[in-house]
There are 2 protein chains.
Amino acid sequence: MRILKLAVLISGNGTNLQALIDACAAPDFPAEIALVISNRPDAYGLERAEKAGIKAITIDHKSFDDRESFEDSVHEALTEAKVQLVCLAGFMRILTATFVRRWQDRLINIHPSLLPAYKGLNTYERAIEDGVRFAGCTVHYVRPDVDTGPIIIQAAVPVLSDDDPDSLAARILPQEHIIYPEAVCLIASSKARVRGHKVIIDDMPVPSGAYIAPVPKK
Amino acid sequence: MRILKLAVLISGNGTNLQALIDACAAPDFPAEIALVISNRPDAYGLERAEKAGIKAITIDHKSFDDRESFEDSVHEALTEAKVQLVCLAGFMRILTATFVRRWQDRLINIHPSLLPAYKGLNTYERAIEDGVRFAGCTVHYVRPDVDTGPIIIQAAVPVLSDDDPDSLAARILPQEHIIYPEAVCLIASSKARVRGHKVIIDDMPVPSGAYIAPVPKK
């Protein structure tokens, strides 16, 4: 079995990193984490990686003169580790178009909304404010425009009348931890392919999890 | 039991009208259709109403000099029939702010997308084009800006890799036929109340239907 080499880029707690670490621990999972990079030296995710025996480094954006030299350093570390797919997991730096194009179709992100709704920040607050009945999360390829890239998997959850941002986050986060490894698995097993600005999955999986609508039988 | 008097405004086939007719036929449903208005004399929905013994009239927008006089005529018919809630169901005329404000919080619409995503027309095509994994439909109060009003109920369905607009419509339409009567029932039984630009439902129902995510137990 071909094993895809991943890098996970973080800035903080790293719960999605943990979900990927756990998924990769399964013997039949078609990917492994070769490198974890944090732009902040105090990110707890670094400890998660070390506990799992994964190489984890800090590339502190504050120690660079500009965005380009920071990204060059990241690019160099990724290349050196022979990374094939970069997973952004709570990485709080916006990447330049140059970096994104270098890693075109090899760079994915998870975003806490049902894109194209609620791009950007404060997605839970905005969904609650609007009174929408569904919220969720999206794993997508990264494109230069933030939160616009081809969608790989989404998970939907209900929003309840008495939800606040914390309770909604608590319902969505477990779904993130399901669909991020699923998306990696689809890519690693060559089941997902980018066509234009869509991701086609021939054998469309159900984004699994308790809150997900079942796919109808054909 | 208080029975809410509805009007249903249509322009065509009227499948959502039929869903409301069927719902109102149940002895415990808290609403009845007092009047159906079509702006087109050839709308099949008129026949549906007549078959159900419901008063159905055509108010042809083409026979009026301007939008205001057309809407005055509609308003008069609604008032004369003592209508308490107006349901737009495939009604293909945009209503003026004047009319919408006259019927503020007594005028609802069904839209074939998970608002706020995909306001406007061609929602199925646009969702498929974007490669989103969920689509759906929304019942909402009408506000002067099209497709922006407070959301009462939404239903979500999966989008499959091989969907075209017809197959996606075929998956969403049955959900429309479930949630539109549910929304009417919530309003008629005073369980839904508008607060700001949200609809609060104290005893939040699950938007039912095969594809809907279950609400987690507390």
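The values are calculated or read from the model by the stated rules, or taken from the named source; none is laboratory data. What you see is a predicted model, and the numbers here were worked out from it, not measured in a lab. Ideal geometry is used to build each Cβ from the backbone, glycine not excepted, and the neighbour counts take in all protein chains shown. Protein only, heavy atoms only, side chains kept; ligands, DNA and RNA dropped before computing areas. Shrake-Rupley method; radii C 1.70, N 1.55, O 1.52, S 1.80 Å.
Lysine pairs in the range A:1-103 whose alpha-carbon atoms fall under 21 angstrom of each other, counting only those eight or more residues apart or on distinct chains, come to 4.
Inter-copy label distances at residue B:106, shortest first and taken from points set 7 Å along Cα to Cβ: 6.4 nm. In chain B, the longest principal axis of the Cα atoms and the axis of helix B:165-188 are about 60 degrees apart. Projecting the Cα atoms of A:44, A:109, B:25 onto the charge dipole of the protein assembly as shown, computed from C-beta unit charges around the Cα centre, puts B:25 farthest toward the positive end. Ranked by the mean number of other Cβ atoms within 10 Å of their residues, highest first, the peptides A:87-95, B:67-75, A:29-37 come out as A:29-37, A:87-95, B:67-75.
Using Cβ point charges alone (K and R +1, D and E -1), the dipole size of the protein assembly as shown about the Cα centre works out to roughly 420 debye. Buried accessible surface for the B/A chain pair comes to about 3200 Å², total over both chains, computed with a 1.4 Å probe. Helix B:67-80 and the longest principal axis of the C-alpha atoms of chain B enclose an angle of approximately 80°. Across the accessible surface of the protein assembly as shown, with the other protein chains kept in place and a 1.4 Å probe, carbon and sulfur atoms take up 51 percent. Ranking A:118, A:179, A:91 by how far each Cα lies toward the positive end of the dipole of chain A (charges on Cβ) leaves A:179 at the top. Between 0 and 90 degrees, the angle of helix A:15-24 with respect to the longest Cα principal axis of chain A falls at about 80 degrees.
Taking the Cα centre as origin and putting +1 on Lys and Arg beta-carbons and -1 on Asp and Glu beta-carbons, what dipole magnitude results for chain A, to the nearest 20 debye? Don't jump to the answer; show the numbers that get you there.
Numbers: 24 positive and 28 negative charges, 184 e Å.
I would put it at about 880 debye.
On a per residue basis, the range B:1-118 carries 47 Å² of accessible surface, using protein heavy atoms and a 1.4 Å probe.
Between residue B:56 and B:36, the built amide H atoms are under 5 Å apart, and every one of these is 5 or more places off in sequence or on another chain. Residue A:93 sits among other residues whose Cβ lies under 14 Å from its own Cβ, and their net charge, with Lys and Arg +1 and Asp and Glu -1, is -2.
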